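Trainee: Structure in structure tokens, see below.
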Amino acid sequence: MHHYDEPVYLISIVAKILDIHPQTLRQYERENLINPSRSDGRIRLYSQRDIDKIKLILRLTRELGVNLAGVDIILNLKETIDAMEKEIAELRHEVEVAKNAHSVAPEKSLVTKKSLYEMIVFKE
């Protein structure tokens, strides 16, 4: 079994799996919708992640009638949303850790250093 991001599929295999012409894959690459890896001999190699992205592109174009410019916008928005969701998950984790620790880490607190001296003023 191959890793999800491991580029192992030739363009002819991907075209056959997805029932599309290899020229369609080349067009998607020219439009910067996909970016397959290249072997030392400059042969395109696709990963399972690439195939899943192509499936999404095909669904957008075939089923929803989105043109390639629209697909590019949708894919960019999807990447932005995915990055934001990841950041939110990390922040939620940090909040949970802080709640469980019952204290705030020094680098995240508003007051990081306290003075050892206190001033007392006497009124006469």
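We did not get these values from a lab; they are worked out from the coordinates using the rules stated. This structure is a prediction, so every number in the text was calculated from the model and none was measured. Cβ: placed from backbone, ideal geometry, glycine included. Neighbour counts: every protein chain shown.
Trainee: Ranking request for peptides 50-57, 28-35: highest mean number of other beta-carbon atoms within 10 Å first, then the rest in descending order.
Mentor: Highest-to-lowest ranking by the protection proxy: 50-57, 28-35.
Trainee: In whole angstrom, how long is each semi-axis of the equivalent ellipsoid of the range 9-85, when you take the square root of 5 times every eigenvalue of its Cα gyration tensor and sort them from largest down?
Mentor: 21, 15, 11
Trainee: Pop out the ³J(HN,Hα) list for the range 54-70 in order, Karplus 6.51 cos²θ - 1.76 cosθ + 1.60 with θ = phi - 60°, rounded to Hz; leave Gly and Pro as x.
Mentor: Computed from phi, the couplings for the range 54-70 are 5, 4, 5, 4, 5, 5, 5, 7, 7, 8, 9, x, 7, 7, 5, 5, x Hz.
Trainee: Separate question: Hey, for a label at Leu10 modelled as a point 7 Å past Cα toward Cβ, could you say which residues of the range 39-79 have their backbone N under 18 Å away?
Mentor: 39-48, 51
Trainee: Once R0 is set to 30 Å, what does the formula 1/(1 + (r/R0)^6) return for the Cβ-Cβ distance between Arg92 and Asp52, expressed as a FRET efficiency to the nearest 0.05?
Mentor: Step by step, r from the Cβ atoms, then E = 0.70.
Trainee: Calculate the FRET efficiency for Asn100 and Met1 from the Cβ-Cβ distance with a Förster distance of 35 Å, rounded to the nearest 0.05.
Mentor: Approximately 0.40, to the nearest 0.05.
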